[in-house]
Amino acid sequence: MDARAELETTAPVDAVFAQLQRLDNYPKWLDIVSRAQPTAGDPGDPGDAWMIDLRAQLGPLRRSKRLRIVRSELDPPNRVRFVRRELEDRNNSLWSLTVEVRPTESEGENGSIVNVHMHYGGALWIPMLDRILEDEIRNSKPRLAALVESNGDT
């Protein structure tokens, strides 16, 4: 499953990237990430690590999943990538989130364009997950814009 979204905001690239480079900021604007806490790193980790709880609901059916996620790429202020990296020996499905930030192309503007790509390589963990994820991304855009335009003070 792949979900993509684009957001344009009046906030400058540096301010946007400051909010998006750390997963512990995501519960402030993305409801499917109900919790994101930094966790101890492992020698094999390419970057910082978090334990996150993903939550989705379709009518009365609710599911949640806890994942260990590491920042696998950090190229400030333009690109950050997070991937699932569990420490147990199980074969886990790939989960990745790539965020790219670039300045708006309008002359005299100080805004940013954010592109988000979320990939989940496993079996759907609840029916219609792709539809729920698309709805969540669409609903999260105004919350993310408000957060970055207020410098994270919301």
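The values are calculated or read from the model by the stated rules, or taken from the named source; none is laboratory data. As the structure is a computational prediction, the values presented were derived from the model and not from experiment. Because the Cβ atoms are built from the backbone with ideal geometry, glycine has one as well, and the counts that use them run over all protein chains shown.
Brief remarks on what is shown
- Filtered residues of region 102-138 (kept if part of a helix (DSSP H, G or I) and either closer than 15 Å to GLU8 by Cβ or at pLDDT 85 or above (or both)): ILE137, ARG138
- If the condition is being assigned to a strand (DSSP E or B) and either aromatic (Phe, Trp, Tyr) or farther than 22 Å from PRO38 by Cα (or both), then region 64-99 contributes PHE82, TRP95.
- Subset of region 1-36 that is assigned to a strand (DSSP E or B) and of a type in the set (D, E, K, R) - its residue that is modelled with the highest pLDDT: ARG35
- Filter result (farther than 19 Å from ASN139 by Cβ and polar (S, T, N, Q)) within region 5-39: THR10, GLN21, GLN37, THR39
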